[in-house]
Amino acid sequence: MTNFDRRTLLTAASAGLTAFLAGCQSSGPAPSDPTETTETTSAATTTAEPTETTTARTTADPAELERRTRKFVGLIDEGSYETAHERFGPKVARQLSPEQLKQVWTRLEEQNGAFLSLSNFETGEQGGYDVVTAIANFERGQRTVVLAFGADGITGFRVRQTAANWSPPSYADESAFTERSVSLNAPGDCSLGATLTVPKGVQEAPGVVLVHGQGPSDRDGSIGPNKPYKDLAWGLASRGASVLRYDKRTQVCDVDLAEITIDEAVTDDALTAVERLRETPTVASDDVVVVGHSIGATLAPRIAARDGELAGVVMLAALARSAPRAIRDQNLYIARRDGTVTNAEQQQLDRANRTAEQIRSLDAPDDEVIYLGGDEYWRTLREYDATATAKGLDVPQLFLQGERDYQVTVEDDLARWKRALGDRSNVTFQRYPKLNHLFMPGSGKPGNEEYFQQNNVAEAVVSDVASFTERVTGDGG
């Protein structure tokens, strides 16, 4: 059955609330930062701990677990969100409201058509919880539903993209590198799984740490059949770089989202990864580059400033606008993309605007999660001045931007970075006309549905990152 233990019980608390979180997010989402989409529903996914009760399972009878799962999903499908909500345990009930349940389901049906049935049930037990995994069949697609049951009700709820096969990019030469699993002893007694990809036959190679966007995310940045961070790692290792990628804290550790700060969510673990890569015998301590994507790119200057010894920084689709502004803009684009705004789209837009205002004003109880975090998360993100921090760096910086990216855009974000840093001789900007937020090629009006079509990061992006890394490290002379 699905690997689903206490640390990875997720709720879809923000899933479907907006479409702005696209790009990298969890393996099973992302949506994710005001720019990421997780596999959950092409939208935000928040993390919920299980309820405080960790005692005996509710039942070991698979037939009863299947019945309870069908009943819960059936209540949501018929619009009985309050009744469905009553089946949650206390902690999940606090983090996921009936209105948010409605938003999850509305978004799923907008993307996949009407719900038809549940099938392919699997049941099991992990960590004192009964866990049920099933396939939700819609008119135009499928999603995987995962429910965890405890003694006091449903202790975990997750809707994620049904697994699909990733295909390696043509530019990756698997004979040129090796991979091994490692772990990062991150702050707060959190162990992060990671993968180190090392080129063969070299005594010393430049090092690259990949930093993902916001929201639960595995080390590969899995979304549908795509793994953009694995593409990058294999492509860069094929070109002579050692690459470390790691699982996101909010994917694998118990996290109180109401209390977490932006540094606890992103910065601190990235710094741990940098230090871990420096311990690799083939990587010189002064030959490490951070490559951040989306909100990870926005925070890359902060990571560089705190580390103080990076050879360079690469920002892939770095957000420069405020999070509330990005939420409004991205949802407005989605609503207007086909030239009309339906009633459902207007309701979605209204919800997104209310959430954006909550984030802007920090008008929420201390224990409430708004999307990806509570008031501490959004306050610390607002207090961080990304462009000013980047201006204070003396290391080379490379900004890469897809022109088909509707989440982080040339006009609203890259233009801000250029105004702040365009006169620096060690700062380079590169645009790609046909690439989206995942730096994958596409055509026509971009939308989040294309993130779930099999694709790979464009070779030009890998080549540009590899060339920059070689130039700024010892390998570049």
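Looking for something hydroxyl-bearing (Ser, Thr, Tyr), farther than 29 Å from Glu264 by Cβ and at pLDDT 95 or above - is there at least one such residue anywhere in region 165-172?
yes
Would you pick out the residues in region 254-306 that are aliphatic (A, V, I, L, M), over 28 Å from Arg94 (Cα atoms) and assigned to a loop (DSSP other than H, G, I, E, B)?
Selection gives Val283, Ala284, Leu299.
What number of residues in region 81-120 are of a type in the set (Gly, Ala, Ser), in a helix (DSSP H, G or I) and within 23 Å of Glu139 (Cβ to Cβ)?
1
Condition (residue is among the polar types (S, T, N, Q) and part of a loop (DSSP other than H, G, I, E, B)) applied to region 377-386: is it met by at least one residue?
No - not one qualifying residue is present in region 377-386.
Look at Thr144 and say whether it is in contact with a strand residue (DSSP E or B) (Cβ under 8 Å, 6 or more places away or on another chain), farther than 30 Å from Ser242 by Cβ and not in a loop (DSSP other than H, G, I, E, B).
Taking the combined requirement at face value, the residue satisfies it.
Residues of region 397-409 being crowded, with 20+ Cβ neighbours inside 10 Å and either part of a loop (DSSP other than H, G, I, E, B) or out of contact with any helix residue (DSSP H, G or I) (no Cβ under 7 Å at 6 or more places or on another chain) (or both), which ones? Steps first, answer last, please.
Of all residues in region 397-409, those crowded, with 20+ Cβ neighbours inside 10 Å come to 397-402, 404-409.
Within region 397-409, Gly402, Arg404, Asp405, Tyr406, Gln407, Val408, Thr409 qualify.
Taking region 188-220, which residues are of a type outside the set (A, V, I, L, M, F, W, C), in a loop (DSSP other than H, G, I, E, B) and within 28 Å of Gly474 (Cβ to Cβ)?
Scanning region 188-220 gives Lys200, Gly201, Gln203, Glu204, Pro206, His212, Arg219.
In this structure, does Ala311 turn out to be of a type in the set (Gly, Ala, Ser) and touching a Gly at 6+ places or on another chain (Cβ under 7 Å)?
It is false that Ala311 is of a type in the set (Gly, Ala, Ser) and touching a Gly at 6+ places or on another chain (Cβ under 7 Å).
Within region 221-237, how many residues turn out to be acidic (Asp, Glu) and either modelled with pLDDT under 95 or not assigned by TED's automatic domain parsing to the domain that holds Leu299 (or both)? Steps first, answer last, please.
Taking region 221-237 as the starting set, the residues that turn out to be acidic (Asp, Glu) are 231.
From what's left, either modelled with pLDDT under 95 or not assigned by TED's automatic domain parsing to the domain that holds Leu299 (or both): none.
Matching residues across region 221-237 total 0.
Is it true that Leu96 is among the aliphatic types (A, V, I, L, M) and in contact with a helix residue (DSSP H, G or I) (Cβ under 6 Å, 6 or more places away or on another chain)?
no
Name the residue that is surrounded by the most Cβ atoms within 10 Å (Cβ to Cβ), counting only residues in region 238-262 that are of a type in the set (S, T, N, Q) and modelled with pLDDT of 90 or more.
Here the answer is Ser242.
How many residues does region 311-359 contain that are part of a loop (DSSP other than H, G, I, E, B) and either of a type in the set (Lys, Arg) or under 27 Å from Val461 (Cβ atoms) (or both)? Lay out the reasoning, then the answer.
Here is the first cut: in region 311-359, the residues part of a loop (DSSP other than H, G, I, E, B) are 311, 317-322, 337-342.
When the remaining residues are screened for being either of a type in the set (Lys, Arg) or under 27 Å from Val461 (Cβ atoms) (or both), the result is 311, 317-322, 337.
Of the residues in that region, 8 qualify.
Take the residues of region 287-318 that are of a type outside the set (A, V, I, L, M, F, W, C) and out of contact with any Ser or Thr (no Cβ under 8 Å at 6 or more places or on another chain): which is surrounded by the fewest Cβ atoms within 10 Å (Cβ to Cβ)? Full working, then the answer.
Looking only at region 287-318, we keep the residues that are of a type outside the set (A, V, I, L, M, F, W, C), and these are 287, 292-294, 296, 298, 301-302, 306-309, 312.
Still in the list and also out of contact with any Ser or Thr (no Cβ under 8 Å at 6 or more places or on another chain): 293, 296, 298, 307-308.
Numbers: His293: 32, Gly296: 33, Thr298: 34, Asp307: 19, Gly308: 8.
Here the residue is Gly308.
Could you tell me whether any residue of region 238-245 is in contact with a Lys or Arg (Cβ under 8 Å, 6 or more places away or on another chain), under 23 Å from Pro206 (Cβ atoms) and either assigned by TED's automatic domain parsing to the domain that holds Tyr384 or part of a loop (DSSP other than H, G, I, E, B) (or both)?
Yes.
What are the pairs with Cβ atoms under 6 angstrom where one residue, in region 331-360, is closer than 17 Å to Gly447 by Cα and the other, located anywhere, is of a type in the set (D, E, K, R) and assigned to a loop (DSSP other than H, G, I, E, B)? Sequence gap at least six, or different chains.
Arg337/Lys445
Quick one: count up the residues across region 69-100 that are at pLDDT 90 or above, in contact with a strand residue (DSSP E or B) (Cβ under 7 Å, 6 or more places away or on another chain) and buried (at least 20 other Cβ atoms within 10 Å of the Cβ).
5
Which of the residues belonging to region 175-208 are over 26 Å from the mean Cα position of the chain (by Cα), at pLDDT 95 or above and exposed (fewer than 14 other Cβ atoms within 10 Å of the Cβ)?
Matches in region 175-208: Ser175, Lys200.
The values are calculated or read from the model by the stated rules, or taken from the named source; none is laboratory data. These numbers come from a predicted model, not from an experiment. Positions of Cβ are generated from backbone atoms using ideal geometry, with glycine treated the same way; all protein chains shown enter the neighbour counts.
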